[in-house]
1. For a quick check of your reading of the model, give me the residue pairs whose first member lies in the stretch 135-160 and is under 20 Å from PHE105 (Cβ atoms) and assigned to a loop (DSSP other than H, G, I, E, B), whose second is among the acidic types (Asp, Glu) and more than 16 Å from the ligand (Cβ to nearest atom), with beta-carbon atoms closer than 6 Å and at least 6 apart or on different chains.
2. Restricted to the stretch 204-219, and to residues that are surrounded by fewer than 18 Cβ atoms within 10 Å (Cβ to Cβ) and part of a loop (DSSP other than H, G, I, E, B), which residue is nearest to the ligand (Cβ to nearest atom)?
3. In the stretch 161-178, how many residues are within 14 Å of the ligand (Cβ to nearest atom), under 22 Å from ARG89 (Cα atoms) and not in a helix (DSSP H, G or I)?
4. Give the number of residues within the stretch 60-70 that are under 12 Å from VAL129 (Cβ atoms) and of a type outside the set (A, V, I, L, M, F, W, C).
5. Is there any pair linking a residue in the stretch 55-69 that is over 18 Å from PHE97 (Cβ atoms) and hydrophobic (A, V, I, L, M, F, W, C) to one that is part of a strand (DSSP E or B) and modelled with pLDDT of 95 or more, with Cβ under 8 Å and at least six apart or on different chains, and which?
6. Between LYS38, LYS15, LYS34, LYS20, which is near the ligand (Cβ under 10 Å from one of its atoms) and either more than 21 Å from the chain's Cα centre (by Cα) or surrounded by 24 or more Cβ atoms within 10 Å (Cβ to Cβ) (or both)?
7. Look through LEU270, LEU286, LEU291 and report the one residue that is at pLDDT 95 or above and within 16 Å of the ligand (Cβ to nearest atom).
8. Given the conditions (1) without any contact (Cβ under 8 Å) to a residue 40 or more places away in the chain; (2) over 21 Å from GLY13 (Cα atoms), report the number of the one that VAL125 does not fulfil.
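The values are calculated or read from the model by the stated rules, or taken from the named source; none is laboratory data. None of these values were measured; they are calculated from a predicted model. For neighbour counting, all protein chains shown are included, and Cβ atoms are generated from backbone atoms with ideal geometry for every residue, glycine included.
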Amino acid sequence: LTKQEVVNRILAGRKQKPGKAGRSFAAANIALCKYWGKRDDELNLPLTSSLSVSLRTKGTTTSLSVSERADEVLVSGEPLSPESPVHVRMRGYLDLFRPEPGLGFVVRTESNIPLAAGLASSASVFASVVLALDHLFGWKLQLPELSILARLGSGSACRSIHPGFVEWEAGRAADGMDSHAVPLPEQWPELRLGLLLLTTQAKPIGSRPAMKRTRETSVLYAAWPAQVEGDLRNLKEAIRDHDFERLGRTAEANALAMHATMISSWPPVLYWLPESVEAMRKIWALREGGLALYFTMDAGPNLKLLFQASDEARVAAEFPGLEVVAPFGGGSVKS
Ligand code: 2P0
(Lines give C-alpha, C1' and ligand atoms only; values in the text may rest on other atoms or scores of the structure.)
Protein backbone atom coordinates (compact mmCIF):
# COMPACT_ATOMS: atom_id res chain seq x y z
CA LEU A 1 0.00 0.00 0.00
CA THR A 2 1.25 3.48 -0.78
CA LYS A 3 0.86 6.69 1.20
CA GLN A 4 -1.32 8.06 -1.59
CA GLU A 5 -3.74 5.13 -1.33
CA VAL A 6 -4.10 5.71 2.42
CA VAL A 7 -4.64 9.45 1.89
CA ASN A 8 -7.26 8.77 -0.80
CA ARG A 9 -9.10 6.45 1.56
CA ILE A 10 -9.15 9.04 4.33
CA LEU A 11 -10.13 11.93 2.07
CA ALA A 12 -12.75 10.02 0.05
CA GLY A 13 -15.82 12.23 -0.20
CA ARG A 14 -14.11 15.26 1.37
CA LYS A 15 -14.00 18.49 -0.54
CA GLN A 16 -10.87 19.25 -2.50
CA LYS A 17 -11.44 22.98 -2.88
CA PRO A 18 -8.99 24.94 -0.75
CA GLY A 19 -9.95 28.08 1.11
CA LYS A 20 -7.71 31.11 1.37
CA ALA A 21 -5.38 29.93 4.08
CA GLY A 22 -5.00 27.51 6.96
CA ARG A 23 -3.02 28.06 10.13
CA SER A 24 -2.42 25.73 13.05
CA PHE A 25 -0.16 25.02 15.99
CA ALA A 26 1.04 21.59 17.10
CA ALA A 27 3.21 20.95 20.14
CA ALA A 28 6.37 18.88 20.08
CA ASN A 29 6.28 15.66 22.08
CA ILE A 30 8.86 13.77 24.08
CA ALA A 31 8.58 10.00 24.21
CA LEU A 32 8.82 8.33 27.63
CA CYS A 33 8.68 4.98 25.83
CA LYS A 34 10.34 5.35 22.45
CA TYR A 35 9.30 4.56 18.91
CA TRP A 36 12.33 2.83 17.43
CA GLY A 37 11.89 0.49 14.47
CA LYS A 38 9.29 0.14 11.75
CA ARG A 39 7.31 -2.71 10.33
CA ASP A 40 6.52 -0.65 7.20
CA ASP A 41 8.92 2.01 5.92
CA GLU A 42 6.47 3.51 3.42
CA LEU A 43 3.63 4.13 5.88
CA ASN A 44 5.80 4.72 8.98
CA LEU A 45 4.15 1.83 10.80
CA PRO A 46 5.98 0.99 14.02
CA LEU A 47 6.94 -2.41 15.36
CA THR A 48 5.90 -1.38 18.85
CA SER A 49 3.61 1.12 20.54
CA SER A 50 5.11 4.20 22.18
CA LEU A 51 4.07 6.78 24.80
CA SER A 52 4.84 10.48 24.93
CA VAL A 53 4.06 13.69 26.73
CA SER A 54 3.25 16.89 24.86
CA LEU A 55 5.35 20.01 25.34
CA ARG A 56 2.09 22.03 25.27
CA THR A 57 3.52 25.46 24.38
CA LYS A 58 6.67 24.39 22.52
CA GLY A 59 6.17 23.41 18.93
CA THR A 60 5.40 24.66 15.46
CA THR A 61 2.87 26.98 13.90
CA THR A 62 2.25 26.41 10.20
CA SER A 63 0.43 28.69 7.75
CA LEU A 64 -0.58 27.23 4.41
CA SER A 65 -2.04 28.58 1.20
CA VAL A 66 -2.20 27.40 -2.40
CA SER A 67 -0.49 29.18 -5.25
CA GLU A 68 -0.17 28.96 -9.02
CA ARG A 69 3.59 28.56 -8.67
CA ALA A 70 5.99 25.91 -7.42
CA ASP A 71 5.98 25.11 -3.72
CA GLU A 72 7.57 27.62 -1.39
CA VAL A 73 8.72 26.58 2.07
CA LEU A 74 9.64 29.29 4.56
CA VAL A 75 11.12 28.42 7.93
CA SER A 76 11.01 31.34 10.38
CA GLY A 77 10.40 33.61 7.39
CA GLU A 78 13.46 32.36 5.49
CA PRO A 79 12.70 30.73 2.13
CA LEU A 80 14.39 27.34 1.77
CA SER A 81 16.20 26.38 -1.39
CA PRO A 82 14.21 23.79 -3.39
CA GLU A 83 17.28 21.53 -3.15
CA SER A 84 17.36 21.53 0.65
CA PRO A 85 16.36 18.20 2.25
CA VAL A 86 13.55 19.85 4.24
CA HIS A 87 12.06 21.36 1.09
CA VAL A 88 12.32 18.07 -0.80
CA ARG A 89 10.68 16.14 2.03
CA MET A 90 7.90 18.71 2.49
CA ARG A 91 7.22 18.78 -1.26
CA GLY A 92 6.97 15.00 -1.36
CA TYR A 93 4.48 15.11 1.50
CA LEU A 94 2.39 17.90 -0.06
CA ASP A 95 2.22 15.88 -3.31
CA LEU A 96 -0.24 13.67 -1.42
CA PHE A 97 -2.70 16.54 -1.06
CA ARG A 98 -2.56 18.58 -4.27
CA PRO A 99 -6.08 19.52 -5.43
CA GLU A 100 -4.76 19.86 -9.02
CA PRO A 101 -1.43 18.68 -10.42
CA GLY A 102 -0.07 22.14 -11.30
CA LEU A 103 -0.95 23.84 -8.01
CA GLY A 104 1.68 24.63 -5.43
CA PHE A 105 1.59 25.38 -1.72
CA VAL A 106 3.14 28.16 0.28
CA VAL A 107 4.17 26.72 3.65
CA ARG A 108 5.38 28.94 6.47
CA THR A 109 6.57 27.26 9.64
CA GLU A 110 7.61 28.97 12.86
CA SER A 111 8.98 26.80 15.65
CA ASN A 112 9.81 27.90 19.18
CA ILE A 113 12.05 24.89 19.75
CA PRO A 114 15.39 24.13 18.05
CA LEU A 115 14.39 21.40 15.60
CA ALA A 116 17.65 20.17 14.12
CA ALA A 117 19.32 19.55 17.45
CA GLY A 118 17.37 16.43 18.26
CA LEU A 119 15.60 18.27 21.05
CA ALA A 120 12.41 17.39 19.31
CA SER A 121 11.95 15.55 16.06
CA SER A 122 10.05 16.76 13.03
CA ALA A 123 6.89 15.76 14.88
CA SER A 124 5.45 19.22 15.53
CA VAL A 125 6.18 20.31 11.95
CA PHE A 126 4.22 17.52 10.27
CA ALA A 127 1.41 17.58 12.85
CA SER A 128 0.94 21.32 12.36
CA VAL A 129 1.04 20.92 8.56
CA VAL A 130 -1.75 18.32 8.74
CA LEU A 131 -3.86 20.53 10.99
CA ALA A 132 -3.27 23.48 8.66
CA LEU A 133 -4.27 21.36 5.64
CA ASP A 134 -7.48 20.34 7.43
CA HIS A 135 -8.14 24.04 8.00
CA LEU A 136 -7.26 25.07 4.47
CA PHE A 137 -9.49 22.48 2.79
CA GLY A 138 -12.18 22.43 5.46
CA TRP A 139 -12.11 18.63 5.69
CA LYS A 140 -13.00 18.50 9.41
CA LEU A 141 -11.32 15.13 9.83
CA GLN A 142 -11.57 13.10 13.03
CA LEU A 143 -8.56 12.97 15.36
CA PRO A 144 -7.52 9.39 14.45
CA GLU A 145 -7.54 10.37 10.77
CA LEU A 146 -5.45 13.48 11.44
CA SER A 147 -3.05 11.35 13.46
CA ILE A 148 -2.69 8.86 10.58
CA LEU A 149 -2.03 11.64 8.07
CA ALA A 150 0.61 13.12 10.39
CA ARG A 151 2.23 9.66 10.73
CA LEU A 152 2.65 9.52 6.95
CA GLY A 153 4.83 12.65 7.24
CA SER A 154 6.83 11.49 10.24
CA GLY A 155 6.00 8.64 12.58
CA SER A 156 6.25 10.53 15.86
CA ALA A 157 4.12 13.36 14.41
CA CYS A 158 1.04 11.21 14.95
CA ARG A 159 1.47 11.76 18.71
CA SER A 160 1.64 15.57 18.32
CA ILE A 161 -2.06 15.76 17.40
CA HIS A 162 -3.02 15.46 21.08
CA PRO A 163 -2.04 17.30 24.29
CA GLY A 164 -0.88 15.60 27.48
CA PHE A 165 0.09 11.95 27.70
CA VAL A 166 -0.39 10.17 24.40
CA GLU A 167 -0.05 6.54 23.37
CA TRP A 168 0.66 5.66 19.75
CA GLU A 169 -0.92 2.28 19.32
CA ALA A 170 1.22 0.26 16.92
CA GLY A 171 -1.77 -1.50 15.37
CA ARG A 172 -1.67 -4.63 13.23
CA ALA A 173 -3.45 -3.72 9.98
CA ALA A 174 -1.37 -3.63 6.79
CA ASP A 175 -2.95 -0.29 5.82
CA GLY A 176 -2.17 1.17 9.26
CA MET A 177 -5.69 2.43 9.86
CA ASP A 178 -5.36 1.16 13.45
CA SER A 179 -1.93 2.78 13.96
CA HIS A 180 -2.59 6.20 15.44
CA ALA A 181 -2.30 8.18 18.65
CA VAL A 182 -4.76 7.97 21.53
CA PRO A 183 -4.71 10.51 24.39
CA LEU A 184 -4.58 9.26 27.98
CA PRO A 185 -7.09 10.97 30.29
CA GLU A 186 -4.68 11.62 33.18
CA GLN A 187 -3.34 15.07 33.98
CA TRP A 188 -0.16 15.64 35.98
CA PRO A 189 0.17 19.39 36.68
CA GLU A 190 3.30 19.02 38.87
CA LEU A 191 5.27 17.24 36.14
CA ARG A 192 8.18 19.18 34.64
CA LEU A 193 10.39 18.60 31.64
CA GLY A 194 13.72 20.36 31.25
CA LEU A 195 15.28 20.77 27.82
CA LEU A 196 19.04 20.57 28.31
CA LEU A 197 20.59 21.95 25.15
CA LEU A 198 24.21 20.77 25.11
CA THR A 199 24.88 21.45 21.44
CA THR A 200 23.00 22.68 18.40
CA GLN A 201 25.36 20.96 15.99
CA ALA A 202 23.72 18.74 13.39
CA LYS A 203 23.58 15.04 14.23
CA PRO A 204 25.77 12.57 12.33
CA ILE A 205 22.84 10.46 11.10
CA GLY A 206 19.12 11.13 10.92
CA SER A 207 16.74 9.09 13.04
CA ARG A 208 15.09 7.51 10.00
CA PRO A 209 18.18 5.73 8.61
CA ALA A 210 19.43 5.08 12.15
CA MET A 211 16.21 3.29 13.05
CA LYS A 212 16.41 1.17 9.93
CA ARG A 213 20.04 0.27 10.53
CA THR A 214 19.30 -0.69 14.13
CA ARG A 215 16.47 -2.99 13.15
CA GLU A 216 18.55 -4.61 10.45
CA THR A 217 21.89 -5.02 12.23
CA SER A 218 21.59 -4.80 16.03
CA VAL A 219 21.64 -8.09 17.86
CA LEU A 220 20.06 -6.31 20.84
CA TYR A 221 17.05 -5.18 18.82
CA ALA A 222 15.45 -8.62 19.37
CA ALA A 223 15.05 -7.65 23.04
CA TRP A 224 13.41 -4.29 22.29
CA PRO A 225 9.74 -5.33 21.91
CA ALA A 226 9.72 -7.03 25.32
CA GLN A 227 11.41 -3.98 26.88
CA VAL A 228 8.70 -1.75 25.40
CA GLU A 229 5.91 -3.99 26.60
CA GLY A 230 7.11 -3.84 30.18
CA ASP A 231 7.90 -0.13 30.03
CA LEU A 232 4.47 0.78 28.65
CA ARG A 233 2.80 -1.13 31.47
CA ASN A 234 5.01 0.57 34.07
CA LEU A 235 4.48 4.03 32.59
CA LYS A 236 0.70 3.69 32.46
CA GLU A 237 0.57 2.51 36.07
CA ALA A 238 2.96 5.29 37.13
CA ILE A 239 0.78 7.86 35.37
CA ARG A 240 -2.38 6.43 36.92
CA ASP A 241 -0.81 6.49 40.42
CA HIS A 242 1.18 9.74 39.99
CA ASP A 243 4.23 7.69 40.97
CA PHE A 244 7.01 9.98 39.80
CA GLU A 245 9.96 7.72 40.67
CA ARG A 246 8.45 4.89 38.70
CA LEU A 247 7.76 7.17 35.74
CA GLY A 248 11.27 8.59 35.74
CA ARG A 249 13.02 5.26 36.24
CA THR A 250 11.04 3.65 33.43
CA ALA A 251 11.56 6.52 30.99
CA GLU A 252 15.31 6.68 31.66
CA ALA A 253 15.76 2.91 31.35
CA ASN A 254 13.74 2.89 28.13
CA ALA A 255 15.88 5.63 26.56
CA LEU A 256 19.11 3.88 27.57
CA ALA A 257 17.84 0.57 26.18
CA MET A 258 17.00 2.27 22.88
CA HIS A 259 20.50 3.77 22.74
CA ALA A 260 21.98 0.36 23.54
CA THR A 261 20.29 -1.02 20.41
CA MET A 262 21.76 1.86 18.38
CA ILE A 263 25.27 1.41 19.77
CA SER A 264 25.15 -2.30 18.96
CA SER A 265 24.25 -1.58 15.32
CA TRP A 266 26.80 -1.72 12.53
CA PRO A 267 28.14 0.76 11.61
CA PRO A 268 27.49 1.90 15.19
CA VAL A 269 25.06 4.73 15.87
CA LEU A 270 26.26 6.79 18.83
CA TYR A 271 24.55 10.14 19.40
CA TRP A 272 26.21 10.79 22.74
CA LEU A 273 28.83 13.48 23.13
CA PRO A 274 31.17 13.74 26.14
CA GLU A 275 28.81 16.45 27.42
CA SER A 276 25.87 14.03 27.25
CA VAL A 277 27.67 11.48 29.41
CA GLU A 278 28.81 14.19 31.79
CA ALA A 279 25.18 15.31 32.22
CA MET A 280 24.04 11.72 32.82
CA ARG A 281 26.67 11.29 35.54
CA LYS A 282 25.64 14.56 37.15
CA ILE A 283 21.99 13.45 37.17
CA TRP A 284 22.94 10.11 38.73
CA ALA A 285 25.02 11.88 41.39
CA LEU A 286 22.18 14.28 42.21
CA ARG A 287 19.83 11.32 42.46
CA GLU A 288 22.23 9.57 44.84
CA GLY A 289 21.95 12.74 46.92
CA GLY A 290 18.17 12.37 47.12
CA LEU A 291 16.93 14.51 44.22
CA ALA A 292 14.16 12.89 42.19
CA LEU A 293 15.63 13.72 38.80
CA TYR A 294 15.66 11.51 35.70
CA PHE A 295 16.39 11.96 32.03
CA THR A 296 15.39 10.77 28.62
CA MET A 297 17.21 11.17 25.29
CA ASP A 298 16.19 10.90 21.67
CA ALA A 299 18.15 10.55 18.45
CA GLY A 300 20.60 13.28 19.39
CA PRO A 301 23.12 14.31 22.06
CA ASN A 302 20.82 16.49 24.18
CA LEU A 303 19.02 15.38 27.34
CA LYS A 304 15.48 16.00 28.51
CA LEU A 305 15.20 16.11 32.29
CA LEU A 306 12.20 14.80 34.18
CA PHE A 307 11.35 16.19 37.61
CA GLN A 308 8.51 17.66 39.64
CA ALA A 309 7.52 21.27 40.30
CA SER A 310 8.67 21.05 43.92
CA ASP A 311 12.27 20.47 42.73
CA GLU A 312 12.23 23.02 39.93
CA ALA A 313 14.37 25.64 41.69
CA ARG A 314 17.03 23.09 42.63
CA VAL A 315 17.18 21.57 39.17
CA ALA A 316 17.33 24.99 37.51
CA ALA A 317 20.21 25.97 39.80
CA GLU A 318 22.14 22.81 38.87
CA PHE A 319 21.57 23.29 35.13
CA PRO A 320 21.87 26.98 34.21
CA GLY A 321 20.02 27.84 31.00
CA LEU A 322 17.68 24.86 31.33
CA GLU A 323 14.40 25.46 29.50
CA VAL A 324 11.63 24.20 31.78
CA VAL A 325 8.28 23.12 30.34
CA ALA A 326 5.12 22.32 32.31
CA PRO A 327 3.37 19.80 30.05
CA PHE A 328 0.07 20.28 31.88
CA GLY A 329 0.47 23.97 32.54
CA GLY A 330 1.54 25.21 35.91
CA GLY A 331 0.37 23.35 38.98
CA SER A 332 1.22 24.07 42.57
CA VAL A 333 4.86 24.59 43.49
CA LYS A 334 5.48 23.14 46.93
CA SER A 335 8.84 23.90 48.48
C1 2P0 B 1 10.44 8.88 19.50
N2 2P0 B 1 12.24 9.15 17.80
O3 2P0 B 1 9.64 8.04 19.93
C4 2P0 B 1 11.71 8.35 18.86
C5 2P0 B 1 12.84 8.27 19.85
C6 2P0 B 1 13.63 9.44 17.95
C7 2P0 B 1 14.07 8.65 19.11
O8 2P0 B 1 10.32 9.18 16.70
O9 2P0 B 1 11.01 8.01 10.02
O10 2P0 B 1 11.27 11.39 12.93
O11 2P0 B 1 9.65 10.07 10.37
O12 2P0 B 1 8.86 7.89 11.27
O13 2P0 B 1 9.32 10.10 13.87
C14 2P0 B 1 12.10 10.14 15.56
O15 2P0 B 1 11.67 9.45 14.42
O16 2P0 B 1 10.88 8.99 12.24
C17 2P0 B 1 11.50 9.46 16.72
P18 2P0 B 1 10.06 8.74 10.90
P19 2P0 B 1 10.70 10.09 13.35
O20 2P0 B 1 10.24 10.09 19.62
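1. LEU141/ASP134
2. GLY206
3. Residues meeting the conditions: 1.
4. Pass one, the stretch 60-70, residues under 12 Å from VAL129 (Cβ atoms): 60-64.
Next, from what is left, pick out any that are of a type outside the set (A, V, I, L, M, F, W, C): 60-63.
Residues that pass the stated criteria total 4.
5. What qualifies is LEU55/ALA27; LEU55/ALA28; LEU55/ASN29; LEU55/ILE30; LEU55/LEU193; LEU55/VAL325.
6. None of the others qualify; the one that does is LYS34.
7. Matching residue, one of LEU270, LEU286, LEU291: LEU270.
8. If we test VAL125 against (1) without any contact (Cβ under 8 Å) to a residue 40 or more places away in the chain; (2) over 21 Å from GLY13 (Cα atoms), just (1) comes out false.
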